[in-house]
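The values are calculated or read from the model by the stated rules, or taken from the named source; none is laboratory data. Bear in mind the structure is a predicted one, so any value in this text is a computation, not a measurement. Glycine also receives a Cβ, built like all others from the backbone with ideal geometry; neighbour counts cover every protein chain displayed. Each accessible area value is taken on the protein alone, full model and side chains, heavy atoms only, with ligands, DNA and RNA left out. Shrake-Rupley method; radii C 1.70, N 1.55, O 1.52, S 1.80 Å.
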Amino acid sequence: MTKKILLFCDPGIDDSLAIMYCILDPEIELVGIVASYGNVSKDQATANAAYLLELAGRSDIPVIPGASMPVKEEVMIYYPEIHGKNGIGPIQPPNNFQFQVYPFDTIRSIIEKYKHELIIVDTGRSTTLATVFTIFPDQIKMVNSFYVMGGAFFVPGNASALAEANFYGDPTSSNFVLNYAHNLTITPLNVTQHAVITQDIVDAVSENGGNFYSFMLDPIFKYYFDFYKKSVPGIPGAPMHDLLTIMVVKNPSLVDYIYYDATVIEGTEAKGMSYIDYRPTSKRGKTKIAVKLHYDAFIEEFKRIML
Ligand code: BDR
Ligand code: CA
């Protein structure tokens, strides 16, 4: 059965790869995109999502603007040095690009339509998804499962020494999602940082030219990889955090898991840091936390869809 996915995201290069994967995999039905602030502003993220859909002739998929800022943080931080000024590296929607957006209530209609078949994936800051829990409390219970890219366990962060960017952006909302989402899987930085795509794989996809996005993969990759070469010296490729998160929905065995309850620290110097009680006798929890990536299987899956 196809996986029906409602994607919350902030495209963003790795979010863009996640969208491409959803579009290109015939076993995934992307039923909507909710675009919010994060890597770029909400408006830019929304335009980027709509543009990626249009390139594939899939403007029938609703794009819903989400949050434009976190619930508590006053300073907005975007990441042009990682994702480009407009979020998809050097690629951007044309100046006169027109697209339709859908109201927030569309999320309620989508949940009511697909009910327990619906899978929610969040690859951005947690603000919008947390808001959905508060606005549509009855509907959100109908959702089958949740997948979230966020956190960093046993490894340094990326937005700060301790925190991963999605949980750093709005730790209050991240805690809310971690507490209330049922059937929740998270793919934190400790795993996604190993989900690297290398230049040789990008070359193979570009030469093959077999999909709507082949033309943009190389420039996007180069932009993103340039940042990572500087920030993680010696890294062999660029980590596709959000792409891995989507892949795991269909291919759970790409990673190994542990089961714990995770917490995000709010409002101190350690803001955004995620932790679990990992002492030998601590009790196990409800969240499925990815801890190890099977790299060869990840690359095989990437080629299977993108080539
Ligand atoms: C996460 O932060 C964002 O910048 C990326 O798109 C990804 O979702 C990685 O920490
Ligand atoms: Ca993202």
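Numbers below:
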{"quantity": "Size of electric dipole in region 3-306: Cβ of Lys, Arg +1 and of Asp, Glu -1, about Cα centre, debye, nearest 20", "calculated": "620 debye"}
{"quantity": "Residues of type aspartates and glutamates that Lys283 reaches as a straight line, Cα spacing below 14 Å, ignoring anything fewer than 8 places off in the same chain", "calculated": "Asp261"}
{"quantity": "Dipole of region 3-306 [Lys/Arg +1, Asp/Glu -1 at C-beta], most positive-end residue of Phe97, Tyr259, Pro219", "calculated": "Tyr259"}
{"quantity": "Inverse of mean 1/r across different Cα pairs in region 1-131, Kirkwood, Å", "calculated": "14.7 Å"}
{"quantity": "Average Cα contact separation per residue, the chain, under 8 Å, 6 or more apart, as relative contact order %", "calculated": "20 percent"}
{"quantity": "Residue (of Asn158, Ile235, Ile107) at the positive-pole extreme of region 3-306, dipole from beta-carbon charges", "calculated": "Ile107"}
{"quantity": "Carbon plus sulfur fraction of accessible area for region 1-108, probe 1.4 Å, in percent", "calculated": "51 percent"}
{"quantity": "Mean Cβ count within 10 Å, highest first, over the residues of peptides 24-36, 74-86", "calculated": "24-36, 74-86"}
{"quantity": "Pair Thr2, Thr281: separation of 7 Å Cα→Cβ label points (nm)", "calculated": "5.2 nm"}
{"quantity": "Accessible area (Å², per residue) of the chain, counting only protein heavy atoms and a probe of 1.4 Å", "calculated": "42 Å²"}
{"quantity": "Burial order of peptide ranges 123-132, 11-20 (average beta-carbon count within 10 Å, highest first)", "calculated": "11-20, 123-132"}
{"quantity": "Signed unit charges on C-beta, dipole axis of the chain, positive-most listed residue Tyr278, Met76, Val202", "calculated": "Tyr278"}
{"quantity": "Span from the region 49-106 Cα centroid across to the region 226-294 one, whole angstrom", "calculated": "25 Å"}
{"quantity": "Added length on full extension, which subtracts the Cα-Cα distance from 0.36 nm per residue, Ile135 to Lys303", "calculated": "56.5 nm"}
{"quantity": "By average C-beta atoms within 10 angstrom, highest first, the peptides 191-199, 298-306", "calculated": "191-199, 298-306"}
{"quantity": "23 Å Cα-Cα threshold exceeded, pairs from Lys113/Lys250; Lys72/Lys271; Lys113/Lys303; Lys141/Lys288; Lys42/Lys85", "calculated": "Lys113/Lys303"}
{"quantity": "Isotropically averaged projected area of region 3-306, using the convex hull of Cα atoms (one quarter of hull area), nm²", "calculated": "14.8 nm²"}
